[in-house]
1. Label-point separation (nm) for Ala65 and Ala128, each offset 7 Å from Cα along Cα-to-Cβ?
2. Which whole-number percentage describes the relative contact order of the chain, with Cα contacts under 8 Å and a sequence gap of 6 or more?
3. How high is the FRET efficiency between Glu74 and Asp46 when r is their beta carbon distance and R₀ equals 30 Å, given to the nearest 0.05?
4. If you average the alpha carbon positions of the stretch 101-129 and of the stretch 34-87, how far apart do those two centres end up, in angstrom?
5. Classify the stretch 1-59 as rounded, prolate or oblate from the Cα gyration tensor: take a ≥ b ≥ c as the square roots of its eigenvalues, call it rounded if a/c is under 1.5, otherwise prolate when a/b beats b/c and oblate if not.
6. Stretched out fully, how many nm does the piece from Asp101 to Arg136 gain, at 0.36 nm a residue minus the Cα gap?
7. Order the following by accessible area, largest value first: Lys6, Lys110. Probe radius 1.4 Å; ligands, DNA and RNA are ignored.
8. Using a 1.4 Å probe and counting only protein heavy atoms, arrange Arg124, Arg97 so the residue with the most accessible area comes first.
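The values are calculated or read from the model by the stated rules, or taken from the named source; none is laboratory data. Source: prediction; values computed, not measured. All Cβ positions, even for glycine, are placed from backbone atoms using ideal geometry, and neighbour counts span all protein chains on display. Areas reflect the complete protein model, heavy atoms only, side chains present, ligands, DNA and RNA absent. Shrake-Rupley method; radii C 1.70, N 1.55, O 1.52, S 1.80 Å.
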Amino acid sequence: MSDTAKPSVLFVCVHNAGRSQMAAGFLAHLAGDRVHVNSAGSLPADQVNPAAVAAMAEVGIDITAAAPKVLTAEAVQASDYVITMGCGDACPVFPGRTYLDWQLDDPAGKGVDAVRPIRDEIRRRVDALLAEIGSR
């Protein structure tokens, strides 16, 4: 990443339907156009988890237009930061990228009450990530 380049962050989880979508929503909301944000999944679902959509709406972030996308080596290679959330070894590794693994509960099959604490933990981690990006 050059000093003038906009940093790029890729959030990856298995289905790209909950954790990674919430993280991408938070980072896009908080960073605006200062960071390029993507998300993907090793086995993408058909749609974003409705409980994740509802939980994010409660904090004023609309992720209804988000759609699960397949993880590609190109997406990883194009990212400065790759944040994995339970996708294990499915994520390819390229030199020069910053890799972080966030251990978070999977919101799949859970109602909004169970998703809120996951959402709040993702927000905390996104805040810390944004501070790290800003310090580089």
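1. 3.1
2. On the way: 251 pairs, mean separation 39.8, N = 136.
Relative contact order comes out at 29 percent.
3. Computed FRET efficiency for Glu74 and Asp46 comes out at 0.85.
4. When both Cα centres are located, 13 Å separates them.
5. Values: a/c = 4.08, a/b = 1.55, b/c = 2.64.
In terms of gyration-tensor shape, oblate.
6. So the extension gain works out to 10.6 nm.
7. Reading off the accessible areas and sorting them downward yields Lys6, Lys110.
8. Values: Arg124 130, Arg97 65 Å².
Ranked from most to least accessible, the order is Arg124, Arg97.
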